[in-house]
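Below is one structure; the comments refer to it alone.
Throughout, read-outs are computed from the coordinates displayed, never taken from laboratory work. The shown structure was predicted, so the numbers you read here are calculated from the model rather than taken from an experiment. Backbone-built Cβ (ideal geometry, glycine too); neighbour counts: all protein chains shown.
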Amino acid sequence: MSANAAAFDHVVSFRWRQGDPSLADAEARLHDLGVLRSVLEEVVEMTVADARADGVTWARIGDALGVTHQAVIKRYGKGGGAR
């Protein structure tokens, strides 16, 4: 199983609002995905800060996240959302 497939399985099995009678199933899944997105972004921010503290370059962080080093710096560095 690939990392993407394993992550997908975890995401689709996450249930917070599913079964809430006030929400349609798709609406409940959207609420769940919003929670996951928020938590994931917080963990990425902390991990980028940890990586930088460990001396990892912006280019290597960008490679790990699948974006350019410029995008990583813009989002997480030099006041761009870094903790």
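Points worth noting:
- Mean separation of Cα contacts under 8 Å (6+ apart) over length of the chain, as relative contact order %: 18
- Placing unit charges on each Cβ (+1 for Lys and Arg, -1 for Asp and Glu) gives the chain a dipole about its Cα centre, and among SER22, SER2, ALA71 the Cα reaching farthest toward its positive end belongs to ALA71.
- Rg(Cα) / (2.2 N^0.38 Å) computed for the chain, rounded to two decimals: 1.37
- Note on the chain: with charges restricted to the Cβ of Lys and Arg (+1) and Asp and Glu (-1), its dipole about the Cα centre is near 360 debye.
- The angle separating the long axis of helix 25-53 from the principal Cα axis of greatest extent in the chain is about 20 degrees.
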